[in-house]
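The values are calculated or read from the model by the stated rules, or taken from the named source; none is laboratory data. Predicted model only: the values in this text are computed from it and were never measured. Every residue, glycine among them, receives a Cβ derived from its backbone with ideal geometry; neighbour counts consider all protein chains shown. All accessible areas refer to the heavy atoms of the entire protein, side chains included, with ligands and DNA or RNA removed. Shrake-Rupley method; radii C 1.70, N 1.55, O 1.52, S 1.80 Å.
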There are 2 protein chains.
Amino acid sequence: MTAAHTPVTLAAFGSFTVGGRRVEVTDRPTQVVRLSRDLPEFPVDPNGLYSVGHAYVQYFVPAPAERRPVVLVHGGGLTGTCWETTPDGRPGWLQFLLRAGHPCYVLDNVERGRAGWCPVPGVGEDAAPLLRTEREAWDAFRLGPPEGYPTRTPFAGSRFPGDALAELNRQQVPRWTTTTDLAVAAVTALVRRVGPCAVVAHSQGGGIAARAAAGTDGLVEDLVLVEPHGLPDAADFAGSTGRQLIVAGDFIELSPLYRDLRRRWRTYLEELRTAGVTADYLDLPASDHPGNTHLPMMDLTSDTVAELIVDHLATR
Amino acid sequence: MTAAHTPVTLAAFGSFTVGGRRVEVTDRPTQVVRLSRDLPEFPVDPNGLYSVGHAYVQYFVPAPAERRPVVLVHGGGLTGTCWETTPDGRPGWLQFLLRAGHPCYVLDNVERGRAGWCPVPGVGEDAAPLLRTEREAWDAFRLGPPEGYPTRTPFAGSRFPGDALAELNRQQVPRWTTTTDLAVAAVTALVRRVGPCAVVAHSQGGGIAARAAAGTDGLVEDLVLVEPHGLPDAADFAGSTGRQLIVAGDFIELSPLYRDLRRRWRTYLEELRTAGVTADYLDLPASDHPGNTHLPMMDLTSDTVAELIVDHLATR
C-alpha cells in the first residue's frame, strides 16, 4: 500500500465542517432501541436539534506551503477519497499537490461520506438515494464499451487500472440527486473561508464548483474542471479575473453522452472568452497523453495529469 | 484552525477498504433520473453488482515509524473524524499518536461515513438508521446533567469544550443498530492486514474491537477500550497474550447508565485477570485528571489522556 509514496511534511492537518443549518424537530414519536448486549433497551427521542446541509472538509497544509491553496471537489457518487488514493492503491492527486507545496482542502460534500445526512423524515432528503452498480460505473466513467463489460474488456489503450474496478465500487457512496444547491452553498462557504485559491473539481463537482466560483467575487483564481457537467451560464463570470480550464480525457467520440457534453464544454469556453475570461481546454489525448477515462485522478497516468494541472496553476 | 499543530512527516498516507462482500441485484425496475441541467433524463438500472459491509480505512505512516501500528475504532454515530480533530478544532489523538511514532489506521466502520451503504431495498439495512439529536449527545456523552441542557450548563468541572456542541452535532452521522457483526468482521480483517498492533477503541467501538481482538490470535497486543460497551465474554480471551486497558472518565456516579456500565467494566477486567490476561483500569479522575466526559479524545485534556495511553503502550 505504500508503493510510490514520497514523504511529505505537514504543518497541520485535520478537518472541519462548512455550510448547513440547524433544524429543530418536534412532535415525533419515540423509538425503542438496543445498541449492545451491555445496554438495556432505551427510548430514543427523535425530537431535538439536528445539523443538515453541511460539508466535511479534510485539510492538509504542507511545510513549506509555497503555493496557493487548492480546494478539491469530488464528483457525483464519490467522496474526497477519490483524491487521496487511486483504487489500485497509488497516491492520489492530493499527495501530488501537497508535494508541490499546495495546501489542500478535500471536501465530502453535503450528505456524502463524513458529511453525514439526516434520516428523520421531512428534515433531509426523503426519496431514496442512488448508488452506482459496477456496470453503471463502467459506462458513466467511460471505462470501456458497453459490450466490453461482461468480460471487463476496456477501450483499447485505456489507462484505467483494470484490476481496480471492485475497489472503485467500494469508493462510491449513495448520493441524492436533489442536493446540488446545498452542495454549491457548501463549496461557496469553503472558498470564503479559505480565501484566494484554486479549485480542482470533477464531473458533477465541476458544475458545483463553477457555480460557487461565480458567486465568490474572484476568490477562485483558477478553476480546473475535469470533465464537468451542470455548468452555470458563462455570463455569470462577466468581469471575472478567475481563469478556467476544462480537462478532457480520451474515448469521448465513442460515447454519445460525452460527445454531447464536449459540445457543451466548447460552447461554455467560447462564451467565457467572449465575456473576457481566460478559458482553456486541456485535451489530454491531443496533448500526447492518450488513454484517460472520466477518472484521470485514478488512471495509471494520474501523476502525469496532476503535473499538467500543477504546471498550469504555476503559470499564474 | 492550525492552533497547537506541530509538523509531522508522513512516509505515506491514503486509504483502502477492508471486509464486506459483493452482492448481485436482479429483476428490479428501472428508475429515471436527471443529474444536472447539462444531462438529459436517463434511465438508471439498479440491477448489477454492489459492495456492502466493507469499512473505509485512512492510514498515516509517520517517518520515522518507531512504534507499533495503532488501529483507531470510533464509537456509535461517529466516524474516524473523531480522532483527527476535536470539535473545537484542536489536533486529535491521531496527530498525537503520529508524533509519538505510531503508524495509524483510522476506520470509518461499515455503513458509516466514507464506507458508504447500499440503499437498494433488501441489500443493506432496510430500517431507517438513527442520528443523534444534540440533546441525546448531551446525555449519552455525559456532557452535563439532563436539567443542564436547556441552558447548556455542563457538569461542574467538565473539560468538554462547551462551545463545540454544534460542531460535535455535525461530526455525527446516521448509524444502523443492526450492523455490529459486520463491523466486527471489518475490524478483524483490518487487524489481520495490519499485523501485530494496538487497537484504541471508543464506546460501542470498544465492544467491536474487543470481539475482533478475541478472534485474531494475539495480533492485538494492546487493547485500549475507552468506556466500552458490547464487550465479549472475558473467557473468549483465555490464554491471550494481549493486554487490555479500560479508560474511564469523570461524572460516572451521576449517570445511572454509566454506573451500570462501570460495574460491567470491573467484572470484565476481573474475569480477564482470572483468565490470566493482563487487564488494567485507568480511572482518569482518580489519576488526578478530573473532568473527562465520555469523549476524552475531544475534551480540553485530550492530549493529556493521549499521552497516558501512549505511555501505557510504551510499557510493552
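What percentages make up the Cα-Cα pair-distance distribution of segment A:265-315 when the bins are 5 Å wide from 0?
All Cα pairs considered, the percentages come to 5, 17, 23, 20, 20, 12, 3, 0.
Please list, in order along segment B:35-44, the HN-Hα scalar couplings obtained from phi with the Karplus expression 6.51 cos²θ - 1.76 cosθ + 1.60 (θ = phi - 60°), rounded to whole Hz, x for Gly and Pro.
For segment B:35-44, the Karplus curve yields 8, 7, 5, 7, 10, x, 4, 9, x, 10 Hz.
At a probe radius of 1.4 Å, what is the per-residue accessible area of A:Thr26, in Å² to the nearest 10?
80 Å²
Starting at 0 and stepping by 10 Å, how many percent of the alpha carbon pairs of segment A:10-314 end up in each bin?
Spelled out bin by bin, segment A:10-314 gives 6, 26, 33, 22, 9, 4, 0 percent.
Sorted from shortest, what are the nm distances separating the label point of B:Gly89 from equivalent points in the other copies, each placed 7 Å from Cα along Cα to C-beta?
Relative to the other copies, B:Gly89 has label-point distances of 3.9 nm.
Considering only the protein assembly as shown, what is the antiparallel percent among its DSSP beta bridges, to the nearest 5?
Looking only at bridges with both residues in the protein assembly as shown, the antiparallel portion is about 55 percent.
Rounded to the nearest 100 Å², what is the sum over both chains of accessible area buried where B meets A, with a probe of 1.4 Å?
Summing both chains' loss of accessible area gives about 6900 Å².
Would you rank B:Leu94, A:Leu49 by solvent-accessible area, highest first, keeping every protein chain in place and using a 1.4 Å probe?
A:Leu49, B:Leu94
In nanometres, what is the gap between the two model label sites at B:Arg263 and A:Asp181, each 7 Å from Cα along Cα-to-Cβ?
5.4 nm
So if I take the centroid of the Cα atoms in segment B:73-109 and the same for segment A:197-250, what is the distance between those two points in Å?
Each part reduced to its Cα centre gives a spacing of 33 Å.
I want to check the label-to-label distance for B:Val32 and A:Glu253. Put each point 7 Å from Cα in the C-beta direction and report it in nm to one decimal.
Reported label-point gap for B:Val32 and A:Glu253 is 3.4 nm.
Which of B:Asn109, B:Asn292, B:Asn169 moves most in a GNM of chain B, Cα contacts under 10 Å?
Evaluated over chain B, the most mobile residue of the options is B:Asn169.
Please compute, over every Cα-Cα pair in segment A:46-161, the percentage with a separation greater than 20 angstrom.
The calculated P(r) of segment A:46-161 puts 58 percent of pairs beyond 20 Å.
Please give the helix A:302-314 orientation as an angle from the longest Cα principal axis of chain A, in degrees from 0 to 90, rounded to the nearest 10.
Rounded to the nearest ten degrees, it is 80.
Summing Lys, Arg as +1 and Asp, Glu as -1, what charge do residues with Cβ under 11 Å from the Cβ of A:Ile252 carry, A:Ile252 excluded?
It works out to a net charge of -1.
With every protein chain in place, what's the accessible area of B:Thr241 (1.4 Å probe, Å², nearest 10)?
Here the accessible area works out near 100 Å².
Describe numerically, in nm with one decimal, the distance between label points set 7 Å from Cα along Cα→Cβ at A:Glu24 and at B:Glu271.
4.5 nm
Report which residues of segment B:50-98 become buried by 20 Å² or more of accessible surface when going from the isolated chain to the complete set of protein chains (1.4 Å probe; DNA, RNA and ligands ignored).
B:Tyr50, B:Ser51, B:His54, B:Tyr56, B:Gln58, B:Tyr59, B:Phe60, B:Thr81, B:Glu84, B:Thr85, B:Gln95
Tell me the net charge near B:Pro196. Cut-off is 9 Å between Cβ atoms, B:Pro196 excluded, with +1 for each Lys or Arg and -1 for each Asp or Glu.
0
Relative contact order of chain B: what whole-number percent is it, with Cα pairs under 8 angstrom and at least 6 residues apart?
RCO, chain B: 17 percent.
Return the chain B residue and its Cβ-to-axis distance, rounded to the nearest Å, for the rotation relating B to A.
B:Thr9, 2
For the protein assembly as shown, with only Lys/Arg (+1) and Asp/Glu (-1) charged at the beta-carbon, what is the dipole magnitude about the Cα centre, in debye rounded to 20?
Value, rounded to 20: 240 debye.
Gap in Å between the Cα centre of segment B:1-56 and the Cα centre of segment A:132-195?
First find each Cα centre; the distance between them is then 8 Å.
Which order do the peptides B:242-248, A:199-205, B:35-41, A:264-270 come out in when sorted by mean C-beta neighbours inside 10 angstrom, highest first?
Highest-to-lowest ranking by the protection proxy: A:199-205, B:242-248, A:264-270, B:35-41.
Which whole-Hz ³J(HN,Hα) couplings does segment A:15-31 yield from phi under the Karplus relation 6.51 cos²θ - 1.76 cosθ + 1.60, θ = phi - 60°, glycine and proline marked x?
8, 8, 10, 9, x, x, 8, 9, 10, 9, 9, 9, 6, 9, x, 6, 10
Would you mind counting up the charge near B:Leu182? Only other residues with Cβ under 15 Å from its Cβ, with Lys and Arg at +1 and Asp and Glu at -1.
So the environment of B:Leu182 carries a net charge of +1.
Out of B:Leu143, B:Pro285, B:Val220, whose Cα points farthest toward the positive end of the dipole of chain B (charges: +1 Lys, Arg; -1 Asp, Glu; placed on Cβ)?
Going by the charge dipole, the pick is B:Val220.
How crowded by other chains is B:125-131, given as the mean number of beta carbons from other chains within 10 Å of each beta carbon?
Mean shielding count: 4.
Using the Cα centre of segment A:10-314 as the reference point, and only Cβ charges (+1 on K/R, -1 on D/E), how large is the resulting charge dipole? Debye, rounded to the nearest 20.
360 debye
Just to confirm, what accessible area per residue do you get for the protein assembly as shown at 1.4 Å probe, in whole Å²?
35 Å²
Calculate how many DSSP beta bridges within chain B are antiparallel, expressed in % of all such bridges and rounded to the nearest 5.
So the antiparallel bridges in chain B amount to around 50 percent.
What are the nm distances, shortest first, from A:Arg135 to its equivalents in the other copies, labels at 7 Å along Cα→Cβ?
Copy-to-copy label distances for A:Arg135: 4.8 nm.
Quick check: residue separation of B:Phe42 and B:Thr151 times 0.36 nm, minus the Cα distance between them. What number comes out in nm?
Stretched out fully, the B:Phe42 to B:Thr151 stretch lengthens by 34.2 nm.
What does the helix-only formula give at 222 nm for chain A: each DSSP H stretch with n ≥ 4 adding -39500 (n - 2.57), the total divided by the residues, and the result rounded to the nearest 500 deg cm²/dmol?
-8000 deg cm²/dmol
Based on a Kirkwood Rh over C-alpha pairs, give the Stokes-Einstein translational diffusion coefficient of segment A:179-292 at 4 °C and viscosity 1.567 mPa s in µm²/s.
91 µm²/s
Can you list the copy-to-copy distances for B:Pro29, using a point 7 angstrom from Cα toward Cβ, in nanometres, shortest first?
2.7
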